[in-house]
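Student: Just dropping this structure here.
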């Protein structure tokens, strides 16, 4: 068996396969389908300071080789997460991380500080890249100065591994990555969804209530691989790659482009066991290519 373990800052992953926030619930929802302990880690759904209902329906639409979503960070809020969800998931035998979002720097800090106190949560993924909310989200992630400000503020109150999730909806993702690295990020993950739109021509109206939404799935993978490759060559901190991963071969593209780990998102909706299949596929690839350590191929492109 090849060594599949890898590291993101102080975080050791038993393998490089994580689940992307918003596509895997709190992990427990998938326990009937896979052994959660096999995963490198689970990034739970976006968590904000207060409970959010999300956007009105319809807020999901299928597109060629992908999907649009405008869920809008529906969640129970950080207090309910800490008191209700955390006690149920804290004993899972994998790394549990929380995707943190907000409408202001103060809200980001409040959520991060609350999560910091949870012993069994070793990392957060700071979401400065969500395109489906009216305030905050992508607004922080499209400007290097704003991105640096929110990361710097959260860094002062959060003391564990800080991953920052980047948006692809920018002219230069490298500039944003460098800015958050300088502000104190321990890692960056990319890409979040691409801003897209679909129209129902029979009904002559947008498919989503919000008109636009986030595009994900296999259709975004070439863009994601390119951006991961660019950022991995520009920063010193570990990069986590995501965007359209459905097979082990997809995951390997990101690893070869420089990602230390990958997140699987939309594919979870199609096959709830896809993550384990990807892990098995990585082992098979290493066996066929006589690779003893997955780290030997990270960043070879």
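The values are calculated or read from the model by the stated rules, or taken from the named source; none is laboratory data. As the structure is a prediction and not an experimental result, all values here were calculated from the model. We place every Cβ from the backbone using ideal geometry, glycine too, and count neighbours over all the protein chains shown.
Student: Given the options 185, 177, name the one that is within 18 Å of residue 235 (Cα to Cα), in a loop (DSSP other than H, G, I, E, B) and touching a strand residue (DSSP E or B) at 6+ places or on another chain (Cβ under 7 Å). Walk me through how you get there before you give the answer.
Tutor: Working: 177 fails: in a loop (DSSP other than H, G, I, E, B).
Going through 185, 177 in turn, just one is within 18 Å of residue 235 (Cα to Cα), in a loop (DSSP other than H, G, I, E, B) and touching a strand residue (DSSP E or B) at 6+ places or on another chain (Cβ under 7 Å): 185.
Student: Please enumerate the residues belonging to region 165-174 that are buried (at least 19 other Cβ atoms within 10 Å of the Cβ) and outside any loop (DSSP other than H, G, I, E, B).
Tutor: 165, 173, listed by residue number.
Student: Any idea which residue in region 144-164 is surrounded by the fewest Cβ atoms within 10 Å (Cβ to Cβ), counting only those that are touching a helix residue (DSSP H, G or I) at 6+ places or on another chain (Cβ under 8 Å) and under 21 Å from residue 229 (Cα atoms)?
Tutor: Top of the filtered list is 144.
Student: Test each condition in (1) modelled with pLDDT of 95 or more; (2) within 19 Å of residue 166 (Cβ to Cβ); (3) not in a helix (DSSP H, G or I) for residue 112 and report the one that comes out false.
Tutor: Here residue 112 clears every test but (3).
Student: Do we find a residue being modelled with pLDDT of 95 or more, surrounded by fewer than 19 Cβ atoms within 10 Å (Cβ to Cβ), under 23 Å from residue 265 (Cα atoms) and out of contact with any strand residue (DSSP E or B) (no Cβ under 8 Å at 6 or more places or on another chain) anywhere in region 93-101?
Tutor: For region 93-101, residues modelled with pLDDT of 95 or more, surrounded by fewer than 19 Cβ atoms within 10 Å (Cβ to Cβ), under 23 Å from residue 265 (Cα atoms) and out of contact with any strand residue (DSSP E or B) (no Cβ under 8 Å at 6 or more places or on another chain): present.
Student: Select from region 41-65 the residues that are buried (at least 19 other Cβ atoms within 10 Å of the Cβ) and in contact with a helix residue (DSSP H, G or I) (Cβ under 8 Å, 6 or more places away or on another chain) and list them in ascending order. Spell out how you get there, then give the answer.
Tutor: Our first condition is that a residue be buried (at least 19 other Cβ atoms within 10 Å of the Cβ); within region 41-65, this holds for 41-49, 52, 55, 59, 61.
42, 44, 47, 48, 49, listed by residue number.
Student: Given the residues 24, 81, which is the only one that is modelled with pLDDT of 95 or more, surrounded by 21 or more Cβ atoms within 10 Å (Cβ to Cβ) and over 14 Å from residue 263 (Cα atoms)?
Tutor: Values: 24 fails: over 14 Å from residue 263 (Cα atoms).
When all the criteria are applied, what remains is 81.
Student: Please enumerate the residues belonging to region 13-40 that are more than 12 Å from residue 96 (Cα to Cα), touching a residue at least 40 places away in the same chain (Cβ under 8 Å) and out of contact with any helix residue (DSSP H, G or I) (no Cβ under 6 Å at 6 or more places or on another chain).
Tutor: 14, 16, 22, 30, 33, 35 - these are the residues of region 13-40 that are more than 12 Å from residue 96 (Cα to Cα), touching a residue at least 40 places away in the same chain (Cβ under 8 Å) and out of contact with any helix residue (DSSP H, G or I) (no Cβ under 6 Å at 6 or more places or on another chain).
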